[in-house]
Amino acid sequence: MLSVLFRTGQMLNLRFEKLDQTVVLESVRAAVNRWPGRCMLEFAVAESTILTKDCPVVEPDELAPYYLFFIELQEAGKSLSDTEKQAIDEELRLRNSDYERLRREVSISHPRVFVVRPGTFDVLKDYLLENTGATANQYKVPRKLRTYVMVDTLLKGMV
């Protein structure tokens, strides 16, 4: 019996910690459950290694790579506290021992968490349908953002 754990190209991996989509999804859901009165509509993750030098959120003095989480909340225009943002890191550490070790060693920096306005993931969908061979029937929200253009699309929707 075979069980498919993730799709090719969907695994996150900055320093061989290999975060599969199940771990990421469970971590984000657990973190959101710790945020009172918050309801997540969508999320996606990118690796800092795809950022360009002129990206508005790039941190040129940061030597360790990090993950960027983009979260669309039902509550329009509300940002997250630092404690709420840290919950994602804490949940990832609980679920992946390699990630935990690399964070402890500062080989990976803490994740950056950005809230985007409601509808931002619809803009990403429109972009992807216009610029890829996918049809609306085939479309799934990409949990891993593979290109800078995808990241930039979500950055434009930041709260």
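The values are calculated or read from the model by the stated rules, or taken from the named source; none is laboratory data. Model, not experiment: these values are computed from the prediction. FYI the Cβ positions are ideal-geometry reconstructions off the backbone, even for glycines, and counts take in every protein chain you see. Note: accessible area is taken over every heavy atom of the protein model, side chains too, but ligands, DNA and RNA are not part of it. Shrake-Rupley method; radii C 1.70, N 1.55, O 1.52, S 1.80 Å.
Observations
- Filter result for residue 96 (of a type in the set (S, T, N, Q) and under 22 Å from residue 150 (Cα atoms)): no
- Of all residues in segment 127-139, none satisfies being in contact (Cβ under 8 Å) with a residue 60 or more places away in the chain and either closer than 24 Å to residue 32 by Cα or over 12 Å from the mean Cα position of the chain (by Cα) (or both).
- Residues in segment 12-54 that are assigned to a helix (DSSP H, G or I), surrounded by fewer than 20 Cβ atoms within 10 Å (Cβ to Cβ) and either out of contact with any helix residue (DSSP H, G or I) (no Cβ under 6 Å at 6 or more places or on another chain) or not hydrophobic (A, V, I, L, M, F, W, C) (or both): 8 in all.
- Qualifying residue in segment 45-61 (condition: out of contact with any Pro (no Cβ under 8 Å at 6 or more places or on another chain), more than 17 Å from residue 155 (Cα to Cα) and at pLDDT 95 or above): no
- Pairs are defined by a Cβ separation below 8 Å, a sequence spacing of at least 6 or placement on different chains, a first member in segment 21-42 that is over 13 Å from residue 93 (Cβ atoms), and a second member that is open to solvent by 30 Å² or more (accessible area, probe 1.4 Å) and in a helix (DSSP H, G or I); the pairs so defined are 40/29.
- Across segment 76-90, the number of residues qualifying as over 19 Å from residue 24 (Cα atoms), small (Gly, Ala, Ser) and either open to solvent by 80 Å² or more (accessible area, probe 1.4 Å) or touching a residue at least 12 places away in the same chain (Cβ under 8 Å) (or both) comes to 3.
- Cβ-Cβ contacts under 6 Å between residues 6 or more apart (or on different chains), taken from a first residue in segment 46-67 that is without any contact (Cβ under 8 Å) to a residue 12 or more places away in the chain and within 16 Å of residue 113 (Cα to Cα) to a second residue that is surrounded by 15 or more Cβ atoms within 10 Å (Cβ to Cβ) and not charged (D, E, K, R), are listed as 58/51.
- In segment 102-115, of all residues being of a type outside the set (A, V, I, L, M, F, W, C) and open to solvent by 70 Å² or more (accessible area, probe 1.4 Å), the one that is farthest from residue 34 (Cα to Cα) corresponds to 105.
- Looking across segment 128-147 at every residue that is surrounded by 15 or more Cβ atoms within 10 Å (Cβ to Cβ) and of a type outside the set (A, V, I, L, M, F, W, C), the one that is farthest from residue 45 (Cα to Cα) is identified as 142.
- Residues that are open to solvent by 10 Å² or more (accessible area, probe 1.4 Å) and out of contact with any Ser or Thr (no Cβ under 9 Å at 6 or more places or on another chain) were ranked within segment 58-75; the one that is nearest to residue 39 (Cα to Cα) is 74.
- When the criteria are applied in full, residue 93 fails the requirement of being of a type outside the set (Phe, Trp, Tyr), surrounded by 16 or more Cβ atoms within 10 Å (Cβ to Cβ), modelled with pLDDT under 95 and touching a helix residue (DSSP H, G or I) at 6+ places or on another chain (Cβ under 7 Å).
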